[in-house]
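Take a look at the structure set out below.
Computed from the coordinates by the stated procedures, all read-outs in this text should not be read as laboratory data. Here the structure is a predicted model, which means the values were calculated and not measured. Every residue, glycine as well, gets a Cβ built from its backbone with ideal geometry; the counts of neighbours run over all protein chains shown.
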Amino acid sequence: MFRKILIANRGEIACRVMRTAKRLGVSTVAVYSEADADALHVEMADEAVRLGPAPAAQSYLAIDKVIAAAVATGAEAIHPGYGFLSENARFAEACAKVGIVFIGPPAAAIQAMGSKSESKLLMERARVPLVPGYHGREQADSHLIHEALRIGFPVLIKASAGGGGKGMRIVRGEGELPAAIEGARREAKAAFGDDRLLIERYLERPRHVEVQVFADAHGNAIYIHDRDCSIQRRHQKVIEEAPAPGLSDETRKRMGEAAVAAAKAVGYVGAGTVEFLYANGAFYFIEMNTRLQVEHPVTEMIAGIDLVEWQLRVASGEELPERQGELQRYGHAMEVRLYAEDPARGFLPATGRIAHLTWPNAANNLRIDSGVRADDVISTHYDPMIAKVIAWGEDRATAAQRLRRALMETEIAGLATNAAFLIDVLGHQAFLNQEIDTGFIERHRADLLPEGGATPERALALAAAFLVLVDGQRAAEAARRSGDPHSPWGLTNGWRLNGEGGSSILLRDSAGRQRHARLTFSGARWDVAIDDGPPLRLTAPRIENGALVAGADHGRLKVTIVQDGSQVTVIERGRATRVARIDVLAEAEAAATSLGQLTSPMPGTVVRVMVEDGARVTRGQPLMVVEAMKMEHTIAAQADGIVKQVRFRAGEAVAEGVELIAFEAES
Ligand code: ADP
C-alpha cells in the first residue's frame, strides 16, 4: 500500500478519497486553487499545495502544476477523483514519466474510451450491442445530414468527446438539422476543445442502466452489480440507485458480462463504468467512463465494499480482493445529487454563499458525502454540487423513504437548491412504482416543477412574523443600549408585546412579485395575512435558536428561518422558500430603470448575437446566446418590441445581472 497519495481534485470526492486513505493509514496531500484556500478538502488533508488562480485551467486542470505538487511532497500516487484530469490520458502519461502511480486505468485505455466514436468502433468489434448510429470520422455537414437521414428521426447529436450531457441536441426533423449540428459543434468545442460529433438514433424513454466494473493488473476483471441512473435533467443524472430495479438475473448477467468484455477489449485496470441504455429488455452500449463515478456509493452500499480502497489496492499492485462468485449483494441503495440550482428556472446553476447548512443526524443507513460547510461559497468556477445524500434500505421502498426523510431534515439557505424537487421525485407515485426512464422528469413536469413557482403564502406569513419579531428584538436591544427602557420602541412598527395593534411588512416572493403581509395582534395571538388571503394564526410566536416557534392550529409549530441581509429563507421539512424584504425606496429607484431590460442570468460569455440595433422582434424570439458553466442559455425577447442597442458582442464576458440588450417593449 502507498504511504502517501495526492488527490488531484476538490469538493466531496476529494474529501471522500481522503476518508478512505486515512482509514488505511495513507497520508494525504490536497491541492487547491485560490478560490479554495479555506475549503474542507484542504482542511482535511495532511498537507496541501496551492496550484494557482480559481479557473480550473490554471489550477485543477494544470497538469504540470499537479505533477510538481506530487513530486514536491513525495506522493507516490495520484487519485484524480472524477471530472478534471480523471479521464485525461496525457495526465496519466505525465504521472508515469515521473514515476508516480496514476490511480486509474492505463493511458491507452483512457484514450480508447475517451472518444465516444472511437470507443464504439472498438465495442462493435468486441460484439457489445450499440445504439444504431453514425460514429465515423467524416464530419462534413452534408455527410452528417446524410447519416441522420439514414438512421431515421428522431436522432441525437452528441459530442464525441462529450460528458455531462453537454453538446447534445435532439433532432426530430430534417429542417432542424443544420442549426443543431452548428450548435452542438460550438458547445462541444467550448466544453471539450474538440468539435467532432456523432449521431445516434434517439431512443424514446429508455432507462440508463450502467455496470460497475473492476479489473486488476493480474488479468482479473469482474462486474460489481448494476445501477439505474434514469432520473436525469438535461441528460445529467440526479438520482441513482443500485441495483437497477426490475431486471431479471439473466439480464444482469448478460449486461455484466458485456461490460467486462468492454473493459477487457481495452486492457482495462481499476474501477470503471460501462453505460448502457436499456429499453424493452434490450441494452445498448453508450460509453465507458474510465474513472470512479459520482454515484459509486450506491454500489458500495449494496456490495459492502469500499471502491476507493479497492482502487488503492489495485493501483499498488494487489489482486482484486474478491472474485465474481464471491460478491455479495444486500438490499437497495439510492443517492440524490443535491445541487445549488433552481429547478423552476430550467435547473439554472445557482451561486453564492451557503448562509446556513445542517445535515440530518447521521444514521447507520445514511451517508452524506459533502465537500462544503456553512459559509462556503458555491462559485461559477466549479460544479455546483453541494452534496450527495445516500440511503440504504432492505428494499427499494425503504431506501427511498429513508432518503426522502433525510432530505426533509436537511436545511440549506443562502442559495437555491434542488432539495424540494428531489423530495417530490422521491415521493412521486410513479417513481415508487418503478415507472422510471430518462423521460421521467419531463413527463411529470406538472407535478414536479409547478409553473411560475408560486410562493406558498404560509412561508410568506412565517417570514413576516419572523421579521416583526427580529425588528422587535433589535429595537429592544437598541433601547437597552441607549439606557432608556421607556423609549417608545414598540410604537415604531405598531407592535406591542401584549396588546392590540397591527404591523405590515412588504415582501418580494420567489417569482419576484411584491406581496403585502398584514399582521394584527390581539394579546398573544397574531394573525398574519398575505395580501387579501386568509390569515395564518400564531400564538405567542418567538425566536428560539434560529427557529420561529409558535402555537398553531394543529399544535406547536417550529420552522427554521434564516436571515441573510434582505433575504429571508423559510425552511419547513426540507423545503426552503426564499423571499426578500422590500426596502421601498430602493425598489422604486430600481423599478424606474428595469422596464424592458434583458440581463445576463449568470456570469458568462456571449457566444452568439442574433439581432442588430434597431431590429423589430417578436415575443419569444431568440436574441443572444450566453454560455455559462459550459451550457448555453438563450436570451429571448420577453415581448414584441424594438432592440435599441446590443451591448455586447460575441466573445465578450458578461457579469451576472448586466444589461445585455437595451430593449423597448411595444405597448
Ligand atoms: P454524457 O457523456 O454527456 O453524459 P451519455 O452518452 O453518457 O452522455 O448520455 C447521457 C444521457 O443522455 C443518457 O443517460 C441518456 O439519458 C441520454 N441519451 C444518450 N444517448 C441517448 C440515445 N441514443 N437515446 C436517448 N437518450 C440518450
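Tabulated results
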item	result
Part-to-part distance (alpha-carbon centres) for region 234-253 and region 513-575, which is given in Å	43 Å
Options 163, 381, 44, ranked by Cα towards positive dipole end of the chain, top entry (Cβ charges)	44
Principal axis dimensions, region 595-665 - Cα atoms, whole angstrom, descending	30, 20, 18
Value at 222 nm in deg cm²/dmol, rounded to 500, when DSSP H runs of n ≥ 4 in the chain each add -39,500 (n - 2.57)	-8500 deg cm²/dmol
In order through region 130-145: 3J(HN,Hα) via Karplus (6.51 cos²θ - 1.76 cosθ + 1.60), integer Hz, x for Gly, Pro	10, 5, x, x, 10, 9, x, 7, 4, 10, 4, 3, 4, 6, 4, 5
Whole-number Å³ per residue for the convex hull built on Cα positions in region 41-166	155 Å³
Positive-end residue, the chain charge dipole about Cα centroid, Cβ charges, pick of 28, 265, 419	28
Cα pair distances exceeding 21 angstrom across region 457-585, given as percent	38 percent
Dipole moment magnitude, nearest 20 debye, the chain about Cα centre, only Lys, Arg, Asp, Glu C-beta charged	420 debye
Packing rank of 54-66, 375-387, 433-445, where each peptide gets the mean count of other beta carbons within 10 Å, highest leading	375-387, 54-66, 433-445
Simple Cβ-charge dipole of region 132-201, Lys/Arg +1 and Asp/Glu -1, about Cα centre, in debye nearest 20	180 debye
Relative packing of peptides 286-298, 188-200 - highest average C-beta neighbours within 10 Å first	286-298, 188-200
Cα-based Kirkwood hydrodynamic radius, the chain, one decimal, Å	27.3 Å
Per-peptide average of other Cβ atoms within 10 Å, ordering 219-230, 525-536 highest first	219-230, 525-536
Top positive-direction residue, dipole computed over the chain with Cβ charges, set 206, 546, 191	546
Between helix 63-73 and the chain: long-axis angle, C-alpha atoms, 0 to 90°, nearest 10	90 degrees
Neighbour-count order for 168, 334, fewest beta carbons within 10 angstrom listed first	168, 334
Region 4-103: mean projected area of Cα convex hull, nm²	5.2 nm²
Selection of trypsin sites (Lys or Arg not before Pro), region 1-58, meeting DSSP coil and at most 11 other Cβ within 10 Å	3
Hydrodynamic radius of region 332-448 per Kirkwood, over alpha carbon pairs, in Å	14.8 Å
Degrees between helix 116-125 axis and first principal axis of the chain (Cα, 0 to 90, nearest 10)	40 degrees
Angle in degrees between helix 11-23 and the longest Cα principal axis of the chain, rounded to the nearest 10	60 degrees
